[in-house]
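My questions all concern the structure below.
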Amino acid sequence: MMFEVLQIVVPILTVAAAIVAVYFRDLLSATIALAAMSLLLSMEFYILQAPDVAIAEAGVGACLTTAILIFSIKATKRMEDEK
Amino acid sequence: MIEVFIISAAVILISIALAFIRLIIGPTIPDRIVGLDTINTLVIVGMILFGAAFKESIYIDVAIVYALLSFVTTMLVAKYLEGGRM
């Protein structure tokens, strides 16, 4: 029963993190929300008993992508323009 | 014996939800990054808990590698907020 609850709650948190990452105007906050989304997706792979996929997702998504995005925010500007 | 793991997983899941709320509504960047770091630690605890519940040692290895990798995001955001060269 507990695994069904986990299978419901963890994807809901993942989708919520993705939606929040889209709607943030501050790009640094959006990057942090994207890291949280990748982290929760890794947790979902882990619950589905695929630990090798989870380790690849954690290494690439939560570490490398966030690092590259923060370097690019540092090189450009932080706030997205309001239209 | 399995009830112990179920109760622990429920507590960790509630904690992840609370830290996630702080990550969403946090007014400043340090609030959000502390929330993300808390979620990192709680996910590592959850992975080790699953490894103990399923009695599989490969899950513990995944948790170790993730604990080694997860500090990079927090460190880079801290370096960004500090300013200067990265």
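The values are calculated or read from the model by the stated rules, or taken from the named source; none is laboratory data. All values reported here derive from a predicted model rather than from experimental measurement. Ideal geometry is used to build each Cβ from the backbone, glycine not excepted, and the neighbour counts take in all protein chains shown.
Within the range A:6-32, count every residue that is within 9 Å of the chain's Cα centre (by Cα) and either under 27 Å from B:SER8 (Cβ atoms) or within 7 Å of another protein chain (Cβ to nearest Cβ) (or both).
3
Please find, among B:MET47, B:MET75, the residue that is assigned to a helix (DSSP H, G or I) and under 16 Å from A:SER38 (Cα atoms).
Going through B:MET47, B:MET75 in turn, just one is assigned to a helix (DSSP H, G or I) and under 16 Å from A:SER38 (Cα atoms): B:MET47.
Can you name the number of the only condition in (1) among the aliphatic types (A, V, I, L, M); (2) at pLDDT below 85; (3) in a helix (DSSP H, G or I); (4) more than 20 Å from B:ILE16 (Cβ to Cβ) that B:VAL62 fails?
The one condition B:VAL62 does not meet is (4).
List the pairs whose first member sits in the range B:1-27 and is in a loop (DSSP other than H, G, I, E, B), whose second member is not β-branched (Val, Ile, Thr), and whose Cβ atoms are under 9 Å apart, counting only residues at least 6 apart or on separate chains?
B:GLY26/A:SER29; B:GLY26/B:ARG32; B:GLY26/B:GLY35
For the range B:32-86, name all the residues that are more than 9 Å from every other protein chain (Cβ to nearest Cβ), in contact (Cβ under 8 Å) with a residue 40 or more places away in the chain and among the aliphatic types (A, V, I, L, M).
B:LEU49, B:ALA52, B:ALA53, B:ALA78, listed by residue number.
Take A:ALA36 and decide whether it is more than 10 Å from chain B (Cβ to nearest Cβ), among the small types (Gly, Ala, Ser), under 24 Å from B:PHE71 (Cα atoms) and in contact with a helix residue (DSSP H, G or I) (Cβ under 9 Å, 6 or more places away or on another chain).
Values: more than 10 Å from chain B (Cβ to nearest Cβ): no; among the small types (Gly, Ala, Ser): yes; under 24 Å from B:PHE71 (Cα atoms): yes; in contact with a helix residue (DSSP H, G or I) (Cβ under 9 Å, 6 or more places away or on another chain): yes.
Criteria not met by A:ALA36.
Sticking with this structure for a sec: Given the options A:VAL15, A:VAL5, name the one that is out of contact with any helix residue (DSSP H, G or I) (no Cβ under 7 Å at 6 or more places or on another chain) and modelled with pLDDT of 90 or more.
Within the list A:VAL15, A:VAL5, the selection yields A:VAL15.
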